[in-house]
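Asks: If you scroll down you'll find the structure; I have some questions about it.
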Amino acid sequence: MKKIAITMGDAAGIGPEISVKTVLNEKVLAACVPFIIGSGDIIKEAYPEADVSVFSDFDEIDFSRDDHIKVLDIFPLDKKYYAAGKVLPDPSEASMKYLDEAVSLCLSGKIGAFASAPINKEGMALAGYDFAGATEYLAHLTGTKEYAMVLFFGPIKMFYATNHLSMRDSLDSLNEDMIFNKILFIDKCLREMGEDNRLIAVAAVNPHAGENGKMGREEIDILGPAIKKAEAAGCEVTGPLPADTLFIKAKEGEYGAVLAMFHDQGNIAAKLLNFGSGVTYIHGLPVIRTSVAHGTAYDIAGKGIASEDTLVGAILTASDLAEKKERQNG
C-alpha cells in the first residue's frame with residue numbers, strides 16, 4: 001500500500017487531534033500506510049496514552065509496524081502550543097514547513113500523496129507567508145502556473161472561476177477567455193481523474209441567470225459566449241444556470257462538475273448541502289494534495305470533540321487519486 005502523509009496543520013487548533021484520530025481509523029489503515037508530518041511533542045501532548053514514535057528523518061521511519069503512530073518531526077514545537085486556541089507565529093510557521101516537507105517527499109517519490117489538517121490564513125501572514133492561502137502557496141512552491149482547487153462534497157466536484165478574491169475583484173476579473181479556459185481545464189481534470197460523467201454545469205453570476213439582461217449582462221456578454229466556444233471545442237457543458245437551483249440537480253448527480261463563479265457561491269452551497277464533509281484537492285500540481293474544507297476551530301481545540309471525518313475523507317481521496325495516477329502512468 002502507498003505511504004500517505006498527513007500534515008498536522010496548526011498546533012493551536014484541532015489539527016493534532018484529528019490527525020491522530022485519522023491515522024488510527026480502520027478505513028484509512030485498510031487503504032494506505034499513514035503517518036503524520038508534525039510535532040512529536042504536540043502529538044504526545046494531544047494523546048499521552050498513545051504509542052507515538054517520533055523520527056527526524058523519513059528514511060528512519062519504521063513502516064513495518066502499524067501498531068504505533070508515526071510522526072516525522074522536522075520543525076519541533078514546544079508542547080505549550082498544543083490547543084492554544086489562537087493565532088501564533090511559531091505554530092503557523094510550523095504548519096507551512098510541514099507542507100514543504102510533504103511536497104518534497106511527494107516529488108522524490110517516497111510517498112504517494114498527502115492530506116492536510118487545517119492551517120490559518122492569518123497565521124500564514126503572521127509567519128511571513130504572503131499568499132492568499134495554501135492553494136496559492138503550493139502552486140508557488142511547485143512552480144505551477146495552471147491549477148484549480150476542486151471541492152469534493154457528496155457526488156459534486158466543484159471548481160471556481162475565482163476563489164480567494166473580494167467580491168468586487170471577482171466580478172472585475174471575469175471575462176470570456178478566462179471562463180472558456182476554465183471550462184477546458186475542468187474537462188481535462190475530469191478526464192485525468194477518470195470520471196465517466198463529464199458534463200460541466202456553469203453557474204450564473206446574477207439572480208435568475210440575469211433574466212436576459214434585466215439583472216445584469218455577464219451571462220450574455222461573458223458566460224454564454226464562453227460556453228459556446230467550449231462546446232465547439234468538444235466539452236460537455238451546460239449553462240449559465242441559476243445558482244439557487246443548479247446545486248440541487250448537482251446533488252442528485254446530474255453533473256460531473258460545477259463551475260462556481262466565486263468563493264461563497266460555491267462554499268455556501270457545499271456547507272449547507274454537506275456541512276463538514278467537504279474535501280479540497282488542487283488539480284494541476286505535480287503532487288497530490290487534499291485537505292479538509294474547514295478551519296482550525298480554535299474554539300474547540302483540545303476538548304476532544306473535533307470530528308476527524310473530513311480528514312479521513314481527505315486521506316482516502318488522496319489515496320484513491322494516487323492509485324488512479326499510478327494506473328494511468330502504467
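Asks: Would segment 7-29 turn up any residue that is outside any helix (DSSP H, G or I) and either charged (D, E, K, R) or not assigned by TED's automatic domain parsing to the domain that holds residue 122 (or both)?
Replies: Of segment 7-29, the ones outside any helix (DSSP H, G or I) are 7-14, 24-25.
Filter again for either charged (D, E, K, R) or not assigned by TED's automatic domain parsing to the domain that holds residue 122 (or both), leaving 10.
Scanning segment 7-29 turns up at least one residue that is outside any helix (DSSP H, G or I) and either charged (D, E, K, R) or not assigned by TED's automatic domain parsing to the domain that holds residue 122 (or both).
Asks: Just to be sure I understand, how many residues within segment 71-99 are in contact with a strand residue (DSSP E or B) (Cβ under 8 Å, 6 or more places away or on another chain) and of a type in the set (Asp, Glu)?
Replies: Our first condition is that a residue be in contact with a strand residue (DSSP E or B) (Cβ under 8 Å, 6 or more places away or on another chain); within segment 71-99, this holds for 71-74, 95, 98-99.
After this cut, where a residue has to be of a type in the set (Asp, Glu) as well, the list is 73.
Adding up the residues that qualify gives 1.
Asks: Ok, one more. Going residue by residue through segment 166-187, is there one that turns out to be part of a loop (DSSP other than H, G, I, E, B), touching a residue at least 24 places away in the same chain (Cβ under 8 Å) and either within 21 Å of the chain's Cα centre (by Cα) or farther than 30 Å from residue 238 by Cβ (or both)? Outline the logic, then answer.
Replies: Here is the first cut: in segment 166-187, the residues part of a loop (DSSP other than H, G, I, E, B) are 166, 174-175.
Those left that are additionally touching a residue at least 24 places away in the same chain (Cβ under 8 Å): 174-175.
Still in the list and also either within 21 Å of the chain's Cα centre (by Cα) or farther than 30 Å from residue 238 by Cβ (or both): none.
Taking every residue of segment 166-187 in turn, none turns out to be part of a loop (DSSP other than H, G, I, E, B), touching a residue at least 24 places away in the same chain (Cβ under 8 Å) and either within 21 Å of the chain's Cα centre (by Cα) or farther than 30 Å from residue 238 by Cβ (or both).
Asks: A further question follows. Counting just the residues of segment 42-82 that are touching a residue at least 24 places away in the same chain (Cβ under 8 Å) and assigned to a strand (DSSP E or B), which one comes out farthest from residue 103 (Cα to Cα)?
Replies: Restricting to residues being touching a residue at least 24 places away in the same chain (Cβ under 8 Å) and assigned to a strand (DSSP E or B), the top hit is 69.
Asks: Residues being crowded, with 24+ Cβ neighbours inside 10 Å and in a loop (DSSP other than H, G, I, E, B): count how many of those fall in segment 94-117.
Replies: Of the residues in segment 94-117, 2 are crowded, with 24+ Cβ neighbours inside 10 Å and in a loop (DSSP other than H, G, I, E, B).
Asks: So if I check each of 288, 248, 300, which one is modelled with pLDDT under 95 and hydrophobic (A, V, I, L, M, F, W, C)? Step through it out loud before you land on a result.
Replies: Values: 288 fails: modelled with pLDDT under 95; 300 fails: modelled with pLDDT under 95.
None of the others qualify; the one that does is 248.
Asks: Looking only at segment 306-330, which residues are farther than 16 Å from residue 118 by Cα and of a type in the set (A, V, I, L, M)?
Replies: Residues satisfying the conditions are 316, 321, 322.
Asks: Restricting attention to segment 45-73, which residues are surrounded by fewer than 19 Cβ atoms within 10 Å (Cβ to Cβ) and among the charged types (D, E, K, R)?
Replies: 49, 51, 57, 59, 60, 62, 65, 66, 67
Asks: So which residues in segment 124-136 are assigned to a helix (DSSP H, G or I) and either surrounded by fewer than 20 Cβ atoms within 10 Å (Cβ to Cβ) or modelled with pLDDT under 95 (or both), if there are any at all?
Replies: Matches in segment 124-136: 125, 126, 134, 135, 136.
Asks: Hey, another quick one. With the structure loaded, tell me whether residue 238 is among the hydroxyl-bearing types (Ser, Thr, Tyr) and farther than 27 Å from residue 273 by Cα or whether it fails that test.
Replies: On the way: among the hydroxyl-bearing types (Ser, Thr, Tyr): yes; farther than 27 Å from residue 273 by Cα: no.
When the stated conditions are applied, residue 238 does not pass them.
Asks: Using the structure shown, decide if residue 190 is part of a helix (DSSP H, G or I) and out of contact with any strand residue (DSSP E or B) (no Cβ under 9 Å at 6 or more places or on another chain). Full working, then the answer.
Replies: Details: part of a helix (DSSP H, G or I): yes; out of contact with any strand residue (DSSP E or B) (no Cβ under 9 Å at 6 or more places or on another chain): no.
Judged against the criteria, residue 190 is not a match.
The values are calculated or read from the model by the stated rules, or taken from the named source; none is laboratory data. Bear in mind that the values here come from a model prediction, so they are computed numbers and not experimental data. For neighbour counting, all protein chains shown are included, and Cβ atoms are generated from backbone atoms with ideal geometry for every residue, glycine included.
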